[in-house]
Amino acid sequence: RYLSRPIRRKAANMAFDFKKECKELYRPASKPSIITVPPMSYVAVRGKGDPNTEGGEYQNALPLLYGIAYTVKMSKKGSRSIEGYFDFVVPPLEGFWWQDSPSGDIDYVRKDDFNFISCIRLPDFVTQDDFDWAVAEATAKRNWTFLPSSCLKLTRVSAFNACIPDPTTASRQP
């Protein structure tokens with residue numbers, strides 16, 4: 001199935017909730033099925049290390065992701081007017097975890113060897129300019145700096161290009 005219906009709010013005072021409107025993606029059926037995932041925009045960070053390490057890359061990445069997602073969401077209350085904006089519920093955190101291993105096996109004892117990509121979906125109305133503004137706004141408010149390993153990306157992913165490119169620079173992927 002291809003999810004081609006337009007994204008619209010149900011009522012003027014209701015925020016669009018991706019989990020409720022795109023149940024096929026966020027609440028899979030109990031019986032396995034194949035679906036085609038349409039391209040979607042995400043803010044994503046890539047890193048490495050034990051997710052439980054206080055002050056580690058993973059724990060530092062989460063506030064970055066949420067800070068940018070909520071800056072876009074709350075832009076309606078600020079001076080930035082984003083074309084096509086509609087109110088939305090910030091979608092859940094998504095993530096990909098793996099270890100570089102010739103055998104492909106995962107060694108759960110060696111958590112420092114985990115690699116990750118964590119991301120939050122953004123509405124399609126977010127352009128590269130809007131994204132760059134949100135990054136600047138969120139980082140200025142929180143006095144954040146970026147390490148090369150935690151550079152942010154706005155990327156479009158689908159079932160056929162689910163690998164997020166090297167995050168050494170911020171860019172929007174078509």
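The values are calculated or read from the model by the stated rules, or taken from the named source; none is laboratory data. The structure displayed is predicted, hence computed values, not measured ones. Every residue, glycine among them, receives a Cβ derived from its backbone with ideal geometry; neighbour counts consider all protein chains shown. Heavy atoms of the whole protein, side chains included, go into the accessibility calculation; ligands, DNA and RNA do not. Shrake-Rupley method; radii C 1.70, N 1.55, O 1.52, S 1.80 Å.
Data for the structure
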| quantity | calculated |
| --- | --- |
| Of the criteria (1) modelled with pLDDT of 85 or more; (2) open to solvent by less than 60 Å² (accessible area, probe 1.4 Å); (3) part of a loop (DSSP other than H, G, I, E, B), which one Ala11 fails | (1) |
| So Asp105, is it of a type in the set (D, E, K, R), modelled with pLDDT of 90 or more and surrounded by fewer than 15 Cβ atoms within 10 Å (Cβ to Cβ) | no |
| Subset tally (residues that are out of contact with any helix residue (DSSP H, G or I) (no Cβ under 8 Å at 6 or more places or on another chain) and surrounded by 14 or more Cβ atoms within 10 Å (Cβ to Cβ)) for the range 26-43 | 5 |
| Criterion (at pLDDT 85 or above, in contact with a helix residue (DSSP H, G or I) (Cβ under 9 Å, 6 or more places away or on another chain), outside any loop (DSSP other than H, G, I, E, B) and among the polar types (S, T, N, Q)) met by exactly one of Thr71, Thr53 | Thr71 |
| Number of positions in the range 63-89 that are open to solvent by less than 40 Å² (accessible area, probe 1.4 Å) and within 30 Å of Val109 (Cβ to Cβ) | 2 |
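One line per residue, one yes/no per condition, for (1) more than 26 Å from Lys19 (Cα to Cα); (2) touching a residue at least 40 places away in the same chain (Cβ under 8 Å):
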{"residue": "Asp50", "(1), (2)": "yes, yes"}
{"residue": "Ile68", "(1), (2)": "no, yes"}
{"residue": "Ser75", "(1), (2)": "no, yes"}
{"residue": "Glu83", "(1), (2)": "no, yes"}
{"residue": "Phe88", "(1), (2)": "no, yes"}
{"residue": "Leu93", "(1), (2)": "no, no"}
{"residue": "Val109", "(1), (2)": "yes, no"}
{"residue": "Ile117", "(1), (2)": "no, yes"}
{"residue": "Glu137", "(1), (2)": "yes, yes"}
